[in-house]
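Rule-based calculations on the coordinates, nothing more; no lab input. Predicted model, so just to flag it, every value in this text is computed and none were measured. Don't worry about glycine lacking a Cβ; one is built from the backbone with ideal geometry, like all the others, and counts go over all protein chains shown.
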Amino acid sequence: MRPHGSPAVLERRRRRGVALLQAGQPPAEVARRLDCSISSVLRWREAHAAGGDAALAALPVPGRPRKLGEAERERLWKILLGGARAYGFPNDLWTLKRMARVIRREFRVVLHPGHVWKVLRQAGWSCQVPERRALQRDEEAIARWQRYRWPYIKNGAPARRVPGFSR
């Protein structure tokens with residue numbers, strides 16, 4: 001399993017491990033200090049012996065490059081924070097389909113709405129559903145019910161007649 005950290009962080013870890021080995025530390029002690037396996041320390045030592053410092057350098061991350069670069073993502077966050085209504089939608093609710101449409105219009109990149117979610121999660125966004133409330137909601141009646149009726153229902157006591165409520 002790949003350890004956590006950016007390629008630069010992992011490279012510093014390898015270089016520190018080799019430096020500790022060169023300072024005379026045993027591989028087991030280096031592994032304990034760097035919180036890694038002894039086999040990793042031995043692999044670093046062999047790579048350094050065969051290729052020098054260049055063998056410890058971070059390798060490029062494999063895989064397909066992102067469709068939206070950092071600058072494009074920053075611009076997307078500004079658009080999304082501005083609100084859906086400001087972008088021209090009828091209400092201020094961002095849906096994945098709407099966000100995919102914005103990405104297609106602004107950056108000419110086609111993303112499936114399901115993949116838009118991955119982009120949002122990388123930025124630390126979470127799913128937020130607006131709370132729905134009835135227009136006829138009577139806050140006073142709700143407070144009265146919670147104060148007088150709910151304790152009897154909750155405790156299983158026989159219901160008593162409460163002013164303002166009928167059976």
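Between 0 and 90 degrees, the angle of helix 38-51 with respect to the longest Cα principal axis of the chain falls at about 50 degrees. Dipole magnitude for the range 70-122: computed about the Cα centre from +1 point charges on Lys and Arg Cβ and -1 point charges on Asp and Glu Cβ, it is near 180 debye.
Backbone phi angles across the range 106-115, fed through the Karplus curve with coefficients 6.51, -1.76 and 1.60 (θ = phi - 60°), yield HN-Hα couplings of 6, 10, 6, 10, 8, 10, 5, x, x, 7 Hz in residue order; Gly and Pro are listed as x. For the range 20-159, the share of alpha carbon pairs falling in successive 10 Å distance bins from zero is 9, 21, 12, 14, 19, 13, 8, 5, 0 percent.
When the range 1-148 is described by a simple charge dipole with +1 on each Lys and Arg Cβ and -1 on each Asp and Glu Cβ, the residue from Ala28, Gly88, Ser40 located farthest towards its positive end is Gly88. Shown here for the range 115-159: GluC sites (Glu not before Pro) in loop regions (DSSP other than H, G, I, E, B) with at most 15 other Cβ atoms within 10 Å, namely Glu131. Compared with the dominant Cα axis of the chain, that is its longest principal axis, helix 7-22 is turned about 40°. Taken over the range 1-58, the percentage of Cα pairs per 10 Å bin, counting from 0 up to the bin with the maximum distance, is 25, 61, 14. Compared with the dominant Cα axis of the chain, that is its longest principal axis, helix 70-82 is turned about 10°.
Cross-link partners of Lys97 among lysines, defined as those whose alpha carbon lies under 24 angstrom from its own and excluding same-chain residues fewer than eight positions apart: Lys67, Lys78, Lys118. Using only side-chain charges placed at the Cβ, +1 for Lys and Arg and -1 for Asp and Glu, the dipole size of the chain relative to its Cα centre rounds to 780 debye.
Legend: translational diffusion of the range 26-66 by Stokes-Einstein, Rh = Kirkwood radius over C-alpha pairs, 25 °C, 0.890 mPa s; D = 210 µm²/s.
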